[in-house]
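A.B. asks: Attaching a single structure in structure tokens format; questions to follow.
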Amino acid sequence: MAAPPRPRAVAVSYWCWLTACLVGTTTAAVTVLSFDQLQAGLLTMVEREFPNEATATRDEVATAALAILIGFGVTVVLAQMMVAILMHAGRRGARPALVLLAVIGGVYVAGVLGAVPLATKVGLLITAGLMAVAAILMFVPGVGRWFTGKHSNHYSLVDD
């Protein structure tokens, strides 16, 4: 018996996820170009909180914190991309996993939005908007039945 056709909402959600991932990774790359500016801002905060620490230590803390923040954002985006591929293939557990990743991504965006340059803010907001649309589309009426059906084991990146 042939697998049921993929609902259009699932396909659109998938492309929204992939576009969010592309915008997210591009935003991370643009942010890295502003690394010195961001590091200087973090260094100011570290100096204010830890005035007795050695200058080299404060520099290392600011650099490490910034690298962790950027790296965490990229990790969330890459996880979303991998799970979106599973969602597109009809894997039942992919939808709740993507919702969790969207919430984590949203908290991340809210946490860093006030401390990043304008280009990064724009990229983060576009990414968050695309994630929200993608998450909503995964739960429109009628889509849930498709996730309970049998599907092929291929992980197609394009609609069948």
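A.B. asks: Somewhere in region 106-118, is a residue over 16 Å from the mean Cα position of the chain (by Cα) and without any contact (Cβ under 8 Å) to a residue 12 or more places away in the chain?
C.D. replies: Within region 106-118 (the criterion being over 16 Å from the mean Cα position of the chain (by Cα) and without any contact (Cβ under 8 Å) to a residue 12 or more places away in the chain), the answer is yes, since at least one residue qualifies.
A.B. asks: Considering only residues of region 38-80 that are surrounded by fewer than 16 Cβ atoms within 10 Å (Cβ to Cβ) and charged (D, E, K, R), which is farthest from residue 121 (Cα to Cα)?
C.D. replies: Ranking the qualifying residues of region 38-80, first place goes to 53.
A.B. asks: Filter region 26-37 for residues that are of a type outside the set (Gly, Ala, Ser) and crowded, with 17+ Cβ neighbours inside 10 Å; which is farthest from residue 130 (Cα to Cα)?
C.D. replies: Across region 26-37, the extreme among qualifying residues is 31.
A.B. asks: Please verify whether residue 101 is surrounded by fewer than 21 Cβ atoms within 10 Å (Cβ to Cβ) and either without any contact (Cβ under 8 Å) to a residue 40 or more places away in the chain or of a type in the set (Asp, Glu) (or both), treating the condition exactly as stated.
C.D. replies: For residue 101, the condition - surrounded by fewer than 21 Cβ atoms within 10 Å (Cβ to Cβ) and either without any contact (Cβ under 8 Å) to a residue 40 or more places away in the chain or of a type in the set (Asp, Glu) (or both) - is not met.
A.B. asks: Now a separate question. Is it the case that residue 129 is modelled with pLDDT of 95 or more, surrounded by fewer than 17 Cβ atoms within 10 Å (Cβ to Cβ) and not hydrophobic (A, V, I, L, M, F, W, C)?
C.D. replies: Criteria met by residue 129.
A.B. asks: Let me ask something additional. Can you tell me which residue within region 1-39, out of those that are at pLDDT 85 or above and in a loop (DSSP other than H, G, I, E, B), is nearest to the chain's Cα centre (by Cα)?
C.D. replies: 34
The values are calculated or read from the model by the stated rules, or taken from the named source; none is laboratory data. Keep in mind that what you see is a predicted model, and the values were worked out from it rather than measured. Glycine also receives a Cβ, built like all others from the backbone with ideal geometry; neighbour counts cover every protein chain displayed.
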